[in-house]
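Comments concern the structure below.
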Amino acid sequence: MTDTKPVLILGGTGKTGRRLAERLTSQGIPVRIGSRSGSPRFDWEVPATWEPAMQGLGAVYISYYPDIAVPGAAETVGAFARLAVANGVTRIVLLSGRGETEAQRAEEMVKASGADWTILRCAWFSQNFSEGFLVESLRQGEVALPVGPVGEPFVDVDDIADAAFVALTEPGHVGQLYELTGPRLLSFADAVAEIAKATGRDIGYIKSSHDEFTAATAAYELPPEIAWLLNELFTEVLDGRNETLTDGLQRVLGRAPKDFSAYANETAATGIWSN
Ligand SMILES: NC(=O)c1ccc[n+]([C@@H]2O[C@H](COP(=O)([O-])OP(=O)(O)OC[C@H]3O[C@@H](n4cnc5c(N)ncnc54)[C@H](OP(=O)(O)O)[C@@H]3O)[C@@H](O)[C@H]2O)c1
């Protein structure tokens, strides 16, 4: 970027957005947090809040909430991208997901918006185990999910934030789609075992049935779209379609992605998984 116009970071207090904001701020690049706690307030569910947040921007990083796989996400993200372009935004970096029909439709919407786009199509975040819905069960010593030995190349959100930072601040990334994965396929049981080893605790993994999982999510009184999403992710998307490693992070960053064991060791040291 050649000017000092702010970067609007949607989801700027979330897993990737917060880290991207830190990286840009540390380099003197102004950021505007696009979330319900931002100023001005940005709410995906209140389109009247979109335009005030996009005035005078140099670029936008889109991390959609609750999830880019949710039905209707593509239309919403597309409407946002077109409005941004109409308001003079030329640069958009989209955080997307792998093997998800709705996510890939959202990518097409952003590509068609007229913006200079970059897409970061990401694997499961390692930080779902420490900054998401799995923390509590890890603390309690047992994780039960309706997923068997399928391999997932968990990716570290620090690597995603590094990639977003590079895409926004260095030339050569416009019109590029990067699939971002970690360096190793792990089953969910493998990932839990790595965390157990890193914490020195006994933490079990159980493959639950679809019905057991539905009952467990109901007990947490999750919003219906989150319950739908978890079911979709565990019973549809984790069917082996994403069981591949990619060189996306190597291409953007010129280095290997962080391994899950490094994430597990660093995160265990914070005490977040201690009971
Ligand atoms: N998690 C994964 O493994 C994974 C993998 C691939 C792709 N993705 C994609 O990454 C994106 C973010 O997912 P995440 O799980 O990591 O979430 P996250 O970034 O941790 O999400 C929380 C962020 O969303 C904001 N937010 C919540 N409700 C909002 C609303 N109504 N309007 C505007 N902002 C709102 C929150 O700020 P406030 O509370 O201040 O509003 C916060 O900044 C999703 O689109 C997902 O599809 C995730």
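The values are calculated or read from the model by the stated rules, or taken from the named source; none is laboratory data. On a predicted model such as this, the values are computed, not experimentally measured, just so you know. Cβ atoms come from the backbone with ideal geometry, glycine included; neighbour counts cover every protein chain shown. To get the accessible areas, we keep the full protein, side chains included, count just its heavy atoms, and leave off ligands, DNA and RNA. Shrake-Rupley method; radii C 1.70, N 1.55, O 1.52, S 1.80 Å.
The table below gives the values:
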{"quantity": "Rounded percent of accessible protein surface that carbon and sulfur make up, region 1-135, 1.4 Å probe", "calculated": "51 percent"}
{"quantity": "Point-to-point label distance, Glu108-Glu243, nm (Cα→Cβ direction, 7 Å offset)", "calculated": "2.8 nm"}
{"quantity": "Relative contact order computed over region 44-120 (Cα-Cα under 8 Å; 6+ residues apart), in percent", "calculated": "35 percent"}
{"quantity": "Within-10-Å neighbourhood charge of Ile272 [Cβ basis; K, R +1; D, E -1]", "calculated": "0"}
{"quantity": "Viscosity 0.692 mPa s, temperature 37 °C, Stokes-Einstein D of region 1-86 from Kirkwood C-alpha radius, µm²/s", "calculated": "252 µm²/s"}
{"quantity": "Principal axis box of region 135-258, alpha-carbon based, largest edge first, Å", "calculated": "49, 36, 24"}
{"quantity": "Cα centroid separation, region 28-66 to region 96-172 (Å)", "calculated": "20 Å"}
{"quantity": "Candidates per GluC sites (Glu not before Pro) in region 83-153, loop by DSSP, up to 13 other Cβ within 10 Å", "calculated": "none"}
{"quantity": "Share of pairwise Cα separations in region 55-101, more than 18 Å, in percent", "calculated": "30 percent"}
{"quantity": "Residue-normalised accessible area of the chain, expressed per residue, 1.4 Å probe, Å²", "calculated": "43 Å²"}
{"quantity": "Size-normalised alpha-carbon gyration radius of the chain, reference 2.2 N^0.38 Å", "calculated": "1.00"}
